[in-house]
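Bear in mind that the values in this text are calculations on the coordinates, not laboratory data. Remember, predicted model here, so these are calculated numbers, not experimental data. All Cβ positions, glycine included, derive from the backbone under ideal geometry; neighbour counts span all protein chains shown.
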Amino acid sequence: MSAQVLDGKSLAAQTESELLARVEKLKQKSGGKTPILATILVGDDPASATYVKMKGNACRRVGMDSLAVEMPSSTTTEELLAKIDELNSNPDVHGILLQHPVPPQVDERACFDAIALEKDVDGVTCLGFGRMAMGEDAYGCATPQGIMRMLDHYGVEIEGKHAVVVGRSPILGKPMAMMLLQKNATVTICHSRTRDLPALVAQADILVGAVGKPEFIKADWVKEGAVVVDAGYHPGGVGDIELSALTEKASAYTPVPGGVGPMTINTLIYQSVESGEKSLG
Ligand SMILES: Nc1nc2c(c(=O)[nH]1)N[C@@H](CN(C=O)c1ccc(C(=O)N[C@@H](CCC(=O)O)C(=O)O)cc1)CN2
């Protein structure tokens, strides 16, 4: 039997029409004000510029505004911290997105953590992560939260399942593992020093590829009937998992493109609308 496609593109589009109505309602209630997402792009990485542009466009599609901040590749940590401080104090800004990666001289963790919790709609602060991991209220990190929203939408059962997350990055693998744990999965986190990765992947009822290497996870490692989530996107339109050979073997999978990527942006926008509602509504 062929696998169910967990279609992030269509779910994101469907959610955008709901968000458009919510923003419209907010405008009426607040005398024409809209939620505003500040996007910060540091340096000239073309892929990052594309993603930030996509985020600005998504804001406009739901009737929100974005405030695009662009800083040169010579930016220092202090300069970026000063900009984040300014945005934290700006009452018209409801969310702040600092695009990753920043140039190497910048202390990215310090800058992420400088974002005020109530404006951390991308879910990148340690405080937000800690609160989420403890089951407290916080905006989830955009990509793993987008994956959780997609699993929920498509009715994928998580409780009691063995979830294997391959990757442990601060804005993907680690929060992904905690979110799955919060939903009562039994979670294994694998990384570059994991021994016998194929054997662990083979145990996954839910497999998340978050390793950042093209087709690193091979189709023949994957258990028959697994739910396969590919959070990678690489040139040539491939993800972290050898997906082409899985369309029959998995029970469900996220395509690349059109799976996790659109849900990342949609979750950022969703959480920005929520933040706008908290302060304008
Ligand atoms: N501060 C952050 N930085 C980064 C994040 C993040 O969530 N927060 N994630 C990635 C990049 N990213 C968003 O920033 C991102 C990557 C890919 C996509 C996407 O929609 N991809 C499409 C295909 C791309 C295309 O058509 O050109 C897809 O998968 O269908 C969205 C967002 C790193 N940085």
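Quick notes on this structure:
- Rounded to 5, the percent of DSSP beta bridges in region 142-262 classed as antiparallel: 5 percent
- Per-residue Cβ neighbour counts within 10 Å put Cys111, Cys126, Cys141 in the sequence Cys126, Cys111, Cys141, beginning with the fewest.
- Looking at the chain alone, DSSP beta bridges between its own residues are antiparallel in about 5 percent of cases.
- Note, ³J(HN,Hα) from phi for region 227-236, Karplus 6.51, -1.76, 1.60, rounded to Hz, x at Gly and Pro: 8, 10, 10, 10, 9, x, 8, 10, x, x
- Among Gly123, Leu81, Val229 - extreme Cα towards positive end, dipole of the chain, charges at beta-carbon: Val229
- Based on the reciprocal of the average 1/r between different C-alpha atoms, the Kirkwood radius for the chain equals 19.3 Å.
- Modelled label positions at Cys126 and Ser192, each set 7 Å beyond Cα in the direction of Cβ, lie 2.2 nm from each other.
- Given charges at Cβ of Lys, Arg, Asp, Glu: region 63-153 dipole, positive-most of Pro72, Tyr139, Val106: Tyr139
- Basic side chains Lys and Arg get +1 at the Cβ, acidic Asp and Glu get -1 at the Cβ, and with that the dipole of the chain about its Cα centre reaches some 340 debye.
- Put in order of Cβ neighbour count within 10 Å, fewest first, the listed residues Lys213, Lys223 become Lys213, Lys223.
- Annotation for Asp92 and Met54: the two label points, set 7 Å from Cα along the Cα-Cβ direction, are 2.8 nm apart.
- Region 1-38-region 160-197 distance, computed between alpha-carbon centres (Å): 28 Å
- Take every Cα pair under 8 Å whose residues are at least 6 apart in sequence, average their separation, divide by the length of the chain, and the relative contact order is 23 percent.
- Per-residue Cβ neighbour rank within 10 angstrom, fewest leading, Asp85, Asp196: Asp196, Asp85
- Low-density loop positions, trypsin sites (Lys or Arg not before Pro), region 135-202 - DSSP coil, at most 13 other Cβ in 10 Å: Arg193, Arg195
- Relative contact order %, region 142-262, counting alpha carbon pairs below 8 Å whose residues are six or more apart: 22 percent
- Amide proton proximity set for Ala68, modelled H, under 5 Å, gap of 5+: Thr39
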